[in-house]
Amino acid sequence: MTKLQRTTFEISRAAEYFDARQLSALTGVPQPEFASVCLKELIDNALDACETAGVAPEVGVEADYILDQDPAVLRLAISDNGPGMPPELIEKVLNYSVRVSDKIAYRSPTRGAQGNALKTVIGIPYALDSEDPVIIKARGVRHTIRPWVDPGGHVRVSHTKVDDNGAVGTEITLTIPLETQSLAEDDARHWLRSFAAFNPHAAFRYQGKNAASKEGEIYKSTQEHPFKKYIPSEPTSPHWYSPASLKALVCSHIADAHGGGRDLPLGEFVRQFQGLSSTKKAKAVCSHLPEFKHLSDFEENEDAVGELLARMQADSKPPKASALGYVGEDHFRTFFENVYDEVIEFTYVGRNNGTMPSGLPFAFEFALAVLDEPGHLYCGINFSPTFGDPLQGTTLAGPKFKANGIQGYLSEGYALPKTESVWWKTPASVAVAAHIITPAPLFLDRGKTRLDLQGA
């Protein structure tokens, strides 16, 4: 009898990015919110790209609700005036065996560090049975991307490139069937308003392209760029790291070196941190670890990273809380006056700085406008709006009462805009903005909304 010689197959987990159920786990939101995920992540990326390049951000959103075809679809196009995505970065993004991010191992008050945002954006249309490709225009190249998953569970990606003499920056277009999505046009407009609320240095333009659309919305910047906030190109502080998180950064550098990148000299690595950029200070830190010349030397003794961190912290000062940045009273007031017909009364409590139980610093600002019409609740973390209450499950204590989360606290204070549907839509005659800024926010969900205040 002939025996079967079984072949051991490898099944890629990359298919998770193209399955609706597993994408819910990756993104932290249910399937009806996938269009919102794409919109939010692409605007986050656009703002980061512009800030890193030192450009005052200009972000455009076109939402074309095509209702006269079966099935009805939403075609989203997000554009920016940044330097444009280089072709080699797009190639890396399409490699679903790894995450690609320049933030994932660093601790700083940036908009997010999941390392999979654009990968999920490319996977979502396919998971929702869209037959249209994802189009990326950047640096004079038009990329047409058509992913699919074969019956064996292997991801295949058709990626074609042609010359495109378009405008500067990056433009990403994707098409999503509307049948299962909750992103109505008013919701898309609200996302753009929310970004405008927390980014006074940026200009935003919304345009609905279908015949039934209302006129577009434009939000002009109210502060010059750069304004007071941390940007991704600034050095991070060693005081924002724990031994475990610095070890993750060192090991990420070592892995990069194994993949063909540079094995950084220890002194060069130390000089990348805030307060340690001088050669003298870097040498002082390195003198306590004479046997370590390059980061790869920690591969055999990872525990020594804790000693490195202790020396780096001893030879540098913790950044002042003001280094985290803030939106500010003037912008919130101007924002509410632009969005609503009349602001009857305005209150701002800002730059309340403190330290979380984890030891990380934070800044908190709060603005409330009394209106003559229904308002909204805007919550943000590190200059990016969230899907819900970032402090849900956290007890907030005031002089008169305690409550669960921002929504609970506002409710106890008779200041919560309430709703029966989408959480931010509010028939109450108030508008509220609550903003938290902290380095390396740790989240309890993959949607980057609920903060873990105890983590380190």
For M85, net neighbour charge (Lys/Arg +1, Asp/Glu -1) across residues whose Cβ lies under 11 Å away: -1
Taking the Cα-to-Cβ direction at E291 and at E342 and moving 7 Å from each Cα, how far apart do the two end points lie in nm? 7.6 nm
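Please arrange T52, T386 by counting, for each residue, the other beta carbons lying within 10 Å of its beta carbon, fewest first. Intermediate values should be presented prior to the final figure.
On the way: T52 16, T386 24.
Least crowded to most crowded, the residues run T52, T386.
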Describe numerically, in nm with one decimal, the distance between label points set 7 Å from Cα along Cα→Cβ at W148 and at A248. 3.7 nm
Which of E16, E291 has the fewest Cβ neighbours within 10 Å, and the rest in rising order: E291, E16
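Test of understanding: ordering C251, C50 by Cβ neighbours within 10 Å, fewest first, what list do you get?
Working: C251 16, C50 24.
Least crowded to most crowded, the residues run C251, C50.
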Could you pull out the pairs from K40/K228; K247/K280; K137/K320 whose alpha carbons sit more than 31 Å apart here? K137/K320
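Once fully extended, how much extra length lies between D68 and V162, figured as 0.36 nm per residue of separation less the alpha-carbon to alpha-carbon distance? Write out the running numbers ahead of the final one.
Numbers: separation 94, 0.36 × 94 = 33.84 nm, distance 3.05 nm.
Here the segment from D68 to V162 would lengthen by 30.8 nm.
Excluding P32 itself, calculate the net charge of residues whose Cβ lies under 12 Å from the Cβ of P32, where each Lys or Arg counts +1 and each Asp or Glu counts -1. Can you show the working numbers first?
Working: positive: none; negative: E33, E179, D187.
Local net charge: -3.
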Compute the signed sum of charges (Lys and Arg +1, Asp and Glu -1) over the other residues within less than 13 Å, Cβ to Cβ, of C50. -3
So if I place +1 on the C-beta of Lys and Arg and -1 on the C-beta of Asp and Glu, and nothing else carries charge, what would the dipole magnitude of segment 238-314 be about its Cα centre? I want it in debye, nearest 20. 520 debye
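Between the DSSP loop rule and a limit of at most 16 other Cβ atoms within 10 Å, which trypsin sites (Lys or Arg not before Pro) in segment 178-212 are left?
Working: sites: R189, R193, R205, K209; in loops: K209.
Counting only loop positions with at most 16 other Cβ atoms within 10 Å, the trypsin sites (Lys or Arg not before Pro) in segment 178-212 are K209.
Every number here is computed from the coordinates shown, using simple stated rules; none is lab data. Note that the coordinates shown come from a computational prediction; the quantities given were computed from them, not determined experimentally. A quick note on method: Cβ atoms are made from the backbone with ideal geometry, for glycine too, and the neighbour counts reach across all protein chains shown.
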